[in-house]
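What follows draws every value from the coordinates through simple rules; no lab data is involved. Small disclaimer: the values here were computed from a predicted structure and weren't measured. Positions of Cβ are backbone-derived with ideal geometry, glycine not excepted, and every protein chain shown enters the neighbour counts.
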Amino acid sequence: MTTPTIELKPSSTPLSDAERAARMVNPGFGRHFTDHMVTIRWTEGRGWHDGQLVPYGPLSLDPATNVLHYAQEIFEGLKAYRQPDDTVAIFRPDQNALRFQRSARRLAMPELPVETFLEACDALVQQDRAWVPAHGGEESLYLRPFMIATEVGLGVKPANEYLFLVIASPAGAYFPGGVKPVSIWLSEDRVRAVPGGMGDAKTGGNYAASLLAQAEAAAKGCDQVCYLDAVEHKWVEELGGMNLYFVYGDKIVTPTLSGSILEGVTRDSLLAVARDLGLESVEARVSIDQWQRDAEDGSLTEVFACGTAAVITPVGTVKRSSAEWKQSGGEPGEVTLRLRRALLDIQRGVTEDRHGWMHSL
Ligand code: COI
């Protein structure tokens, strides 16, 4: 397997400093994109080739391109942070590269070597480093690597050609309210993923499958939908695009990976960050009835959502068809905020990176 070295073809017309600065004020999530992108092709018999960093712009695809019909697509999300000395570092990109390989295996796609994934992210961040938000705030540069099947034809089979890309977007809070607690609608009939399916792969289909229930959540006045397992409709799995944590005093609990839950990098990091803070952190099955009971008797002190985009977002209200309750009185909980601060301090380089998570450029 060849490992392409990325050829740089920088844009001759990048945005002016003023135009870029305007897009970086309250950037929101995924609304503006930097000046460049990385593209690498894979062809059967040849492997990975033609790595390029090129001006950001539209793709031209034949209408019969495989991905448009059968959704052979995978993606990742990771963030680069400006450090106190003005250098830039990416949070745990090796973990995203490994998950990208696992997703590729599940979708019958070629695996991109970890070093090529890192090289692609580094090349884009280096080139567009002016787009990395200033140190000090909560903003970062969100990187979106993804891969699509580009073979032209309507046969249902693993494609013989693929395109890997990385694009980047300055990112603020995923939820418009920032750290304000979100409300959750419990979907008791629709499921996100099934055992033996692809719920643990990061593929667009899982997000498409979540949209109807997400719209139902919005119709109930909630910010996010929460899914239960597909077999017993009993065990809490995850939200539409993020994992969940339950706080019991000084113990935090996240649902055990079931095969239909996405293995979040933030989820994994928090198991360790919690221990650093002297908290107990465990993976365990949590049923929806236990959630309601423990919230009502007060033993469940806080609940929060976590993900690369969402960072750590407190859950304030939970609604299901038969009940509604508040978590931590609808306010951000103390443990949630401590974990959030500890994780962000590592990412922003203001505390010791004792796990060696930051990948400096
Ligand atoms: C992320 O947190 O990076 C995600 O992929 C969630 C979502 C925005 C799709």
Original post:
Per the helix-only calculation at 222 nm, which mean residue ellipticity applies to the chain, given -39500 (n - 2.57) for every DSSP H run of n ≥ 4 and division by its residues, nearest 500 deg cm²/dmol?
Top reply: -8000 deg cm²/dmol
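Could you work out how much longer the chain between Ser16 and Arg354 gets when fully extended? Use 0.36 nm per residue separation minus the Cα distance between them, nm to one decimal.
Between Ser16 and Arg354, full extension yields an extra 117.8 nm.
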Original post:
Using all Cα-Cα distances in the range 1-40, what percent lands in each 5 angstrom bin from 0 up to the longest?
Top reply: 5, 17, 22, 18, 15, 11, 7, 3, 1
Subject >> Area projected by the alpha carbon convex hull of the range 103-185, averaged over all directions, nm² >> reply: 9.0
Subject >> Over the chain - Rg/Rh using Cα atoms and the Kirkwood inverse-distance radius >> reply: 0.97
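Using unit Cβ charges (K, R positive; D, E negative) and no other charged atoms, how large, in debye to the nearest 20, is the dipole of the chain about its Cα centre?
320
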Subject >> Whole-Å semi-axes of the range 237-297's equivalent ellipsoid (Cα gyration tensor) >> reply: 18, 17, 8
